[in-house]
Each structure stands twice: as structure tokens, then as C-alpha cells.
Amino acid sequence: MKAIRIHQFGGPEVLRLEDVPTPKPGPGEVLVQVKAAGVNPFETYIRAGTYPVKPQLPFTLGTDAGGIVAEAGPDAAGIDQGTRVYTGGTITGSYAEFTLCKSAQIHPLPPNVSFSQGAAVNVPCATAYRALFYRAKAQPGETVLIHGASGGVGTAAVQLARAHGLTVIGTAGTDKGRELIRREGAHHILDHHSPEYLDKLRELTGGRGVDVIIEMLANVNLGKDLTAVARSGRIVIVGSRGTVQINPRDAMSRDAAVLGMTLWNTPETELAGIHAALVAGLENGTLKPVVGRELPLAEAARAHQLLMEPGAHGKIVLIP
Ligand code: NAP
């Protein structure tokens, strides 16, 4: 089968299309034929060798895919060949024509959801869901700022928060991104590059501030977030690419909480609950992953370049 292999850490050019043997599922494992593979920012950090976890070289990247069950292992009972699935992690990497998964890592992909959308479920939607409902404990009737709403995690967070009865304020850096988050259900839209957007945010909340902030770029925004959050507000740090200076007094005076969040820390039972909720959202149409770009598998390097450029528009997926 074709797969994108990494033999050394480095720039996007280290992503190489190669022929490798198709894996064979063992006990408790399932082989998935990948129809689309999701590309996530943390995979660019792994590729570069800057992520805390460094896989043994050579390896294939990727945790997210939409596809069909090609073969189930000896004791993976009840999993039929041909079943439409999305993956919540893989054993052998999803930037490939086939990927081996543990049976607990596959979830049903409803017929109304495309394979490319299936590739956009796991990391983005599970992160958005956990940040909103497990970390921030966001409640219907509250106000949430999705700070960076135009990308994979942000668009999912807008949809999930809207369906849960929150007032949703989303930010994006381009007109196209702002149009996208309006379409996906944000009640109010702001430009995170505008010098006035924090003033507008204050106006939108009648001077109170927002109850919850889901933060995609904490190294730029955390100090500002602490001035924009309401009393007893919660800020969840989903993304950060550096350090930041804050005034702790801003948190003190508001009884505000700053909560870290990494999807890999999710306990197994919580993860099962998150995927159950995501499947329900896919089935009832409240969760509709946004695919902004489909590229051939061979163009994985270009996908990594595009992902790091400004002007996010949903998810980038690779088609084997
Ligand atoms: P993405 O699709 O590349 O989207 C990036 C988002 O950040 C876009 O909405 C972008 O908006 C926005 N952004 C850019 N500049 C910003 C600024 N100054 N203020 C606020 N937002 C800004 O990435 P993603 O998949 O959504 O992931 C978002 C971040 O979360 C990444 O850093 C990723 O590594 C991290 N992440 C963490 C976890 C976890 O477990 N903690 C899981 C998934 C992702 P424009 O392009 O419109 O400017």
C-alpha cells in the first residue's frame, strides 16, 4: 500500500510517499481502508521533532481518518467488513491507504456524513467537545468566545456550543473565515486582528465579559482573555505556540479559572462518552465537520505548509 513515511524529523519535505506492506489485523484489531485522512497541527510538530512525544523512525503520521472496515482481526466480533467508520486514533498512522486500529478506536460514520468529514471528526471535534463541556463545563444560556473559530477545532466548537444553547461569539482573521463561522452558527463574529475587537466583545456582553473562552492561540491572547472573561469565567487553553505575559490580578479580581487541556490526557471512559456524543451529533446533523480542502495523499507536504498559513477554513484532508 502507499503511505507517507518519515525517516527523519524536519520540514514538510521529510513527508515521503512510499510503498509499505499492508498491515494484518491481530486480535482486537481492525484494518480500515482510508478514504480520507485528517491533517492536524500537532502532526506538523511531530514531523518537525518539536513535540514532546517522538515516535520511533521511520513512521507514518496520522490519527484521524474516514473509511471502511477492510478486515477485522480474529476476536473483533461484530465488526463487519464494509462498515463506514471514522478513527479515533490508529496504531499504524492514517496518512496511508490502509490503517490498523484497535477495535475501540473505530466509531460508526453515519451515512449522511462524507468520508472527508469523517476524517475531520476525531481530534478537532473531540477537542472542542472536551474543552467546552468537560473542562469549561459550559452551560446552556452562557456566552462563549471561540477565539480562533475558523479552523478545525473552532468550527466544531461553534457548532457544538450553538447546539447546546450557548450564545456563541467566534473570531477569525479573514473575511472568508468570518463568513464561514457565521454560516456555522456563531451569533456574533469578530476579527482577532482588529485593534477594537475586545471593546466590541465587551459591548456584546453588556460589559459583563464572556463566561467561557476556548483559546486557540494562548501565547498571543491569554493576557487579553483575562480582561475579557466574566466573573467566575473559565478560559480553556487548547492551543499555544510560545510564552505570554499575563497580569494575575485580572484572574484574581474575576475569580477566573485558566484550564489547560490536551486531548491525549482524556481518561478512557470520558473519551468513550465524547465519541458517543459526537456520533449522536453527526446523526442528528448538529455536528457537520467543515472540510475546507481535499488534497491527494501524495501532497501531504503541501497540506502541512498550508495548515500553518493564516486564513484557516475548516479542515484539510488527504485523499489516498
Ligand atoms: P487550524 O485549523 O490551523 O486553525 C487555527 C485557528 O487559529 C484558526 O481559526 C485561526 O484563525 C486561529 N488564529 C490565528 N491567529 C489567531 C489569533 N491571533 N487569535 C486567535 N485565533 C487565531 O488549527 P486547529 O486544528 O483548529 O487547532 C487550533 C490550535 O489548537 C492549534 O494550535 C493546535 O495545535 C491546537 N490543538 C490542541 C489540541 C489539544 O489537545 N490541546 C487538540 C487539537 C488542536 P485565522 O486563520 O482565521 O486567523
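Here the accessible area of segment 3-93 is 53 percent carbon and sulfur, with a 1.4 angstrom probe and all protein chains present.
If you take the Cα centroid of segment 18-77 and the Cα centroid of segment 166-221, the two points sit 35 Å apart. Going by accessible surface with a 1.4 Å probe and the largest first, Ile246, Ile6 read Ile246, Ile6. Normalised size of segment 41-92, defined as Cα radius of gyration per 2.2 N^0.38 Å with N residues, equals 1.45. Accessible surface for Lys2 stands near 80 Å², nearest 10, in the context of the full protein assembly shown (1.4 Å probe). Distance distribution note for the chain: the fraction of Cα pairs above 26 angstrom is 46%.
Comparing Thr22, Thr269, Thr87 in a Gaussian network model of the chain, where Cα atoms under 10 Å apart are tied by springs, the biggest mean-square fluctuation is seen for Thr269.
Here the accessible area of segment 169-283 is 50 percent carbon and sulfur, with a 1.4 angstrom probe and all protein chains present.
The residues of the chain have, on average, 43 Å² of accessible surface per residue, using a 1.4 Å probe with all protein chains present. State the Cα centre-to-centre distance between segment 95-163 and segment 279-320 in whole Å. Centre-to-centre (Cα) distance: 12 Å.
For segment 124-264, the calculated P(r), taken from all Cα-Cα distances in 5 Å bins from zero up to the bin holding the longest distance, is 2, 11, 23, 26, 23, 11, 3, 0 percent.
Based on Cβ point charges of +1 for Lys and Arg and -1 for Asp and Glu, what charge dipole magnitude is obtained for the chain about its Cα centre, in debye rounded to the nearest 20? Can you show the working numbers first?
On the way: 30 positive and 29 negative charges, 92 e Å.
With Lys and Arg at +1 and Asp and Glu at -1, about 440 debye.
The values are calculated or read from the model by the stated rules, or taken from the named source; none is laboratory data. Here the structure is a predicted model, which means the values were calculated and not measured. As a convention, Cβ positions derive from the backbone with ideal geometry for all residues, glycine included, and neighbour counts pool all protein chains shown. For the accessible areas, the whole protein counts, side chains as well, though only heavy atoms, and no ligand, DNA or RNA atoms are used. Shrake-Rupley method; radii C 1.70, N 1.55, O 1.52, S 1.80 Å.
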